[in-house]
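Scroll down for the structure; my scribbles are underneath it.
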């Protein structure tokens, strides 16, 4: 399993070097969160034995592993990697090669919305408090700081290129990176910390944050905690439905399993699709309607409207709801 820095050229070189010294039957994997498997496979003469194996940090605590099937990956390679993940006592989910794979794809709209709320004048601590009250282990802005704002910046560029019709690359994140505020690793990000490093504890809100955000302010809105909650989690639900449309995963149960094990989505809610089922498709559409002013990222996709008509749950294993491809 190759796990060097997320530089495409470096990964390709290391993978080619590995292929040159291992036997023809050896399965080769890359641990990547952003690099397309097809791009990395171009460096190999035998791409059928190559796939992605995306571990989540901290690796010792996070049980999920995304097993990413490239366009040329063989079934036997996928089976071998799934077995290896299980031997490591991990929970493997097989996903298709696509930007962000599964977990980061679903996570991106949630993180993006938290910054948009901040730009609209919503208090930082309120955003994170609402998320934790929902059941998340960390609020989205706390999560940004933990991941590292430089890491989030580069991942955000990849995702903005992939789903830019629904989210734009936030100007706030690069501004924070330019200021040298990268989160816990530098002792300052959205919050200020008592020390530096992954386990640093929050001291207070970054008192200078407003000066960085000010040039990017949006019209201020008065918004309730319930509306903050919907703004954060409805986009995750919508992106999950689009993931199903694109065949990135086998079914909705894989999505719910992944968000619980990789993102800490509250298990008592059953996962993001199960949470949507608890509301019902009709109620989800009603809640989205109040956010029409936000544009494409809050428009009901065709799959959601199909569930309104069919009454079938989002998370049914193997279910296939007839969907017209045009969004309404």
Among the residues of the stretch 180-195, is any within 20 Å of the chain's Cα centre (by Cα), over 29 Å from residue 294 (Cβ atoms) and in contact (Cβ under 8 Å) with a residue 40 or more places away in the chain?
-> no
Qualifying positions in the stretch 156-171 - touching a helix residue (DSSP H, G or I) at 6+ places or on another chain (Cβ under 6 Å) and surrounded by fewer than 21 Cβ atoms within 10 Å (Cβ to Cβ) = 165, 169, 171
Given (1) farther than 27 Å from residue 115 by Cβ; (2) surrounded by fewer than 14 Cβ atoms within 10 Å (Cβ to Cβ), index of the condition residue 302 fails = (2)
Residue by residue through the stretch 252-290, note down the ones that are free of Cβ contacts under 8 Å to residues at least 60 places away in the same chain and not in a helix (DSSP H, G or I).
-> 270, 271, 280
Among 118, 111, 141, which is surrounded by 19 or more Cβ atoms within 10 Å (Cβ to Cβ), at pLDDT 95 or above and in contact with a strand residue (DSSP E or B) (Cβ under 8 Å, 6 or more places away or on another chain)?
-> 141
Output the number of the condition that residue 77 fails; it satisfies all remaining conditions of (1) surrounded by 15 or more Cβ atoms within 10 Å (Cβ to Cβ); (2) under 20 Å from residue 261 (Cβ atoms); (3) over 18 Å from the mean Cα position of the chain (by Cα).
-> (2)
Being under 24 Å from the mean Cα position of the chain (by Cα), surrounded by fewer than 16 Cβ atoms within 10 Å (Cβ to Cβ), in a loop (DSSP other than H, G, I, E, B) and modelled with pLDDT of 95 or more, is that true of even one residue in the stretch 9-23?
-> no
Can you confirm whether the stretch 230-250 contains a residue that is outside the structural domain of residue 279 (by TED's automatic domain parsing), touching a helix residue (DSSP H, G or I) at 6+ places or on another chain (Cβ under 8 Å) and assigned to a helix (DSSP H, G or I)?
-> no
Only one of (1) free of Cβ contacts under 8 Å to residues at least 60 places away in the same chain; (2) surrounded by 19 or more Cβ atoms within 10 Å (Cβ to Cβ); (3) in contact with a strand residue (DSSP E or B) (Cβ under 9 Å, 6 or more places away or on another chain); (4) not in a loop (DSSP other than H, G, I, E, B) does not apply to residue 203, and that is (2)
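The values are calculated or read from the model by the stated rules, or taken from the named source; none is laboratory data. All figures in this text were calculated on a predicted structure; none of them were measured in a lab. Glycine also receives a Cβ, built like all others from the backbone with ideal geometry; neighbour counts cover every protein chain displayed.
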